[in-house]
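Trainee: Take this structure first; my questions come after.
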Amino acid sequence: MLLGLVQLIVDALSGLINVVVAVLPSSPMSDVSSVNIAYEYLGYINYFLPVGQIVDVCLVWLGCIAGFYIYMALGRWAKLFD
């Protein structure tokens, strides 16, 4: 009896999930066509503005700042300084 009740609940949830998935679109990015245009000009933009290097520098900077805040939080927790 308990197994039948659990199976009924699982079947109901499965049916509900199938209905929700059927209502959703197949791909949320299928209507985006301007991305292909951006790839055409990305090389020209990257020649004058080195985007990859800017991202690398920002990531290193963010890592240093995050490390500093973690160090400060651990130091305050261990009461190394005020």
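Values quoted throughout were computed directly from the atomic coordinates according to the rules given, and no laboratory measurement underlies them. The structure presented is a predicted model; accordingly, all values stated were derived computationally and were not measured.
Trainee: What three numbers, in Å, describe the spread of the alpha carbons of the chain along their principal axes, ordered from the longest?
Mentor: Projected onto the principal axes, the Cα atoms of the chain cover 63, 55, 15 Å.
Trainee: How large is the helix-only mean residue ellipticity at 222 nm for the chain, computed as the sum of -39500 (n - 2.57) over DSSP H runs with n ≥ 4, divided by its residue count, in deg cm²/dmol to the nearest 500?
Mentor: Details: 3 runs with 64 residues, N = 82.
Counting only the DSSP helices, I get -27000 deg cm²/dmol.
Trainee: While we're on this one: How tilted is helix 2-23 with respect to the longest principal axis of the chain? Cα atoms for both, answer in degrees (0 to 90, nearest 10).
Mentor: Rounded to the nearest ten degrees, it is 60.
Trainee: Tell me the angle of helix 34-48 to the major Cα principal axis of the chain, expressed in degrees between 0 and 90 and rounded to the nearest ten.
Mentor: Tilt relative to the chain: about 10 degrees.
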